[in-house]
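K.L.:
Below is the structure I would like to discuss, written out as C-alpha cells.
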Amino acid sequence: MSEKRKIVVTSALPYANGDIHLGHLVEYIQTDFWVRFQKMRGHDCVYICADDTHGTPIMIRARKEGITPEQLIARSHETHLKDFTDFQVAFDNYYTTNSPENKELSERIYSAAEKQGFITKKTTPQLYCEHCKMFLPDRFVKGTCPKCGAPNQYGDSCDHCGATYGAEELGSPKCTTCGGTPVVKDSEHLYFELEPQHDYLEKWIPGHTTSDVSNKLLEWFKEPLRGWCISRDAPYFGFEIPGYKDKFFYVWVDAPIGYIASLKNWCDRNGKGDLWNDESVELYHFIGKDIIRFHCLFWPGMLHAAGFKGPDKVFVHGFLTVNGEKMSKSKGTFVNARTYLDNLPPEALRYYYAAKLGGTTDDMDLNLQDFVQRVNSDLVGKITNIASRSAQMLQKKSDGRLGKLDDEGVELLAKIRAASETIAQYYEDRRFNLAVVEICKCADLANEYFDRKEPWKLIKTDVESARTVLTTALNAFRILAIYLKPILPVYADKAMKLFGEEIAVNAEITYLPGKSGHADRDGLMNWLRGFEKAPKMIFVNHGEDSVTDSFAEYIMQNLGWNAFAPFSGTVFDLAEGCFVEAPEGIPIVKKSTQRSQGGSEAAELYTKLCAAGDSIARLIRESRGYSNKELRSLTKELENIFKRYR
C-alpha cells in the first residue's frame, strides 16, 4: 500500500440547457471508476462537479418557456443529478456555477489578472442580429469557415479543419435563432492576453497532458498566441464584470472557475481548508477532446496569472459513436440517459464502457450487438454465473453451509488474488478495458476449476468434497466482485450481501491492519472503528488469540455491535481471506432473530441470481448471429433478467 494521497478530481461541467445523454456519460462514468478506485485504495479523494449555468442559450430558452433563467437551471440541476445518481455516479459535490462562491472567485481571478497586466481592451467588430436585438454569441451564428471553406460552421471554430477565428470572419453568416443575416457593429471588449505566458504555457502543456494532446496544442505556439475575448454584451445571463456596465464574463471564464467554487462549497461544509491551492493535494481534470483548448491553454493561463495552482494532469477522452457512426436522432442512436434507464440497468452500460475505455483520446463505439453479447457472455454468463451455480447447489443440496478449503482451492484463490496489483495498476492508469480483461481471466480460472470438479455430479456421492468446491467457487466470485467494485458498485455490494457483509472488506485491493492480513485484537478493533456501519460478520484469524469466545463479546462491549457470522457455521478467516466453516468453539450467533433475517436475505439473492444464471445460460447456448428483431428481443430479455437480479 502506497502512502495515503489527497486527490481532487473533476469532470467537465454539463450545460444546463440540455439533458444528459449516453455521450456525456462516457466522461462521468469513467471518472467515477477512477474516483471509486482511489477511495478503495484508502486515499482521500473528492469528486467535484457542477452544472454550467450561464450564457445566452440559457437566457433564450428560459424566455421561450416563460420562466426565469434561475428556474430553468434549478430544474436542470435536479434532472441532471438524478440521472447521474441513477447511473451510480457518486459526486462528493454537485454544485452550480450560478453561486456566490463562483461570483467571488471569478471576480478575484479577473482582478488578479488585471493587476498583472494580462487584461486589455479592444474595440472589435461583432455580429449583431437586428431582428433578435442582440450581439450574437459564437454558437448563435453559422457560416462558411474562413480557413477551409467548410459550410455550416459555428462562429468560434471549424469542426472540419480545427481552425479558430472570430465570428465576424465567417462567410455568409446566419443567425441560428431567426435565420436572418446579421450586421457588423463595433463593440468594446475585454481580452485575456496569452502571449505574455507563451513560454510558461509551452513548458506547462507537455508535462500535464498526454503526448498526442500536447503535440496538437503546441502547433499553435509556432506564432504569437492570440488574446481571448472574455466579455459578452447585454442581454446575457451571467456575472457582470466589475466596473463595466452591461458587460458580462463569457461563460468559459466562470465555468472552469466553477470547479474551484464547487470544491470551496464542499470544503466549507466539511470543515476543510483551501484544498485547491494546497501543494499536497493532487488535482485532475477529466474532459472530452472538444474542449482541450479551454482546459489546456486558457484555463492554466488564467490560473497562473492569478497565482492559483493548476491541475496536475488533464485526462482527455474521445467521443462516443453508436454502431460506428456519430449519434443521430433520426437513426434513433441519440439516447438520453433517462431513456436508457427507463429500459435497461445502469450496470450493463457501466460494464460495457469499462470494457472499451483505454485511457486514450480515441473515440469509443457503442456497438449494440456487441453490447448485448459482452454483457451476456462476460458479466452475467462468466462472472455472475459462478455465484449463481454455486449458490444454487449449496442452498438446495448442502444446507447452505460453506466448508473448508483444500490445497487446490487455496491455490486457485491465491492465483486470483495475485492479479490484484496488476488490476490496480490498470485502474490507476485509466486502462479500464485491460482491468476488465484481467478480471475475466480470473473468472476463467474459477469457471475452469468449477467445470473440471463437476460439483453437480460430486454432490451426489460426496457432499463434503462438493461443499469444498462450492466454497472455493463462491470465494472466487467474492474476489471478482471486489475487483469490479469501481465499475459496478451496487453489483459488488449485492455480492457482499451474499456472504452477509454489509460492507465490502476490500482485502484484495486495499489493505488490512497488521502483516500479511493478520491482525491482533487492538489493531483489528481500531480498524473496525473506522466503519460507519457494523459489518455482519466475525473476523477470525486461525492460531491467534483473537479466536476465542471472548472476542465476539469484546466487540459487543467496545463497539456495541452484535458479533455474529453471516451464515450458519461460517466465519471470515483473515489468514485465508475468505469465508469458511467456523472451527468449534467460535461464537457464531448472539441473537437468533438476526441470524434468521440475514439468512433469508441471502437466500432471496441466491434465488434471483440463479434465475438470472439459468436464463443467461440458455441465451448463451442459443446465441448465433443476431438479426435486428432478435437483437431487440435479446435486449428485452436482458432487461428482464436484470430486473429479476435487482
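The values are calculated or read from the model by the stated rules, or taken from the named source; none is laboratory data. Treat the numbers as computed from the prediction; the structure is a model and nothing was measured. Note: ideal-geometry Cβ built from the backbone for every residue, glycine included; neighbour counts use all protein chains shown. What goes into the accessible areas is simple: the full protein's heavy atoms, side chains included, and nothing from ligands, DNA or RNA. Shrake-Rupley method; radii C 1.70, N 1.55, O 1.52, S 1.80 Å.
K.L.:
Going by what's in this entry, would S172 be described as more than 20 Å from T120 (Cβ to Cβ), small (G, A, S) and under 35 Å from the mean Cα position of the chain (by Cα)?
P.N.:
no
K.L.:
Can you give me the number of residues within segment 304-333 that are more than 21 Å from the chain's Cα centre (by Cα) and of a type outside the set (A, V, I, L, M)?
P.N.:
Adding up the residues that qualify gives 15.
K.L.:
Please go through segment 341-391 and give me each residue that is among the small types (G, A, S) and open to solvent by 10 Å² or more (accessible area, probe 1.4 Å), ordered by number. So that I can check it myself, show each step before the final result.
P.N.:
Step one: list which residues in segment 341-391 are among the small types (G, A, S), which gives 348, 354-355, 358-359, 377, 381, 387-388, 390-391.
Passing the criteria: A355, G358, G359, S377, G381.
K.L.:
Looking at segment 292-410, what helices (runs of 4 or more DSSP H) fall wholly within it and have at least 2 residues that are more than 30 Å from W204 (Cα to Cα)? Show your work before the answer.
P.N.:
Numbers: elements: 299-306, 337-341, 346-356, 368-374, 385-397.
In segment 292-410, the matching helices (runs of 4 or more DSSP H) lie at 337-341, 346-356, 368-374, 385-397.
K.L.:
Answer yes if at least one residue in segment 183-200 is over 29 Å from A234 (Cα atoms) and free of Cβ contacts under 8 Å to residues at least 12 places away in the same chain, and no otherwise.
P.N.:
yes
K.L.:
Here's another thing I want to ask about it. Filter segment 423-444 down to residues that are in a helix (DSSP H, G or I), under 23 Å from E282 (Cα atoms) and either without any contact (Cβ under 8 Å) to a residue 60 or more places away in the chain or under 15 Å from the mean Cα position of the chain (by Cα) (or both), then give me how many there are.
P.N.:
Going through segment 423-444 one residue at a time, the tally reaches 5.
K.L.:
Now for a separate question. Looking only at segment 193-247, count how many residues are on the phi > 0 side of the Ramachandran plot and touching a Cys at 6+ places or on another chain (Cβ under 9 Å).
P.N.:
Adding up the residues that qualify gives 0.
K.L.:
Can you list residue pairs whose Cβ atoms sit under 7 Å apart, with the first residue in segment 12-24 being over 11 Å from H77 (Cα atoms) and touching a residue at least 40 places away in the same chain (Cβ under 8 Å) and the second being open to solvent by 30 Å² or more (accessible area, probe 1.4 Å) and assigned to a loop (DSSP other than H, G, I, E, B)? Count only pairs 6 or more apart in sequence or on different chains.
P.N.:
H21/F334; H21/V335; L22/V335; G23/F319; G23/M327
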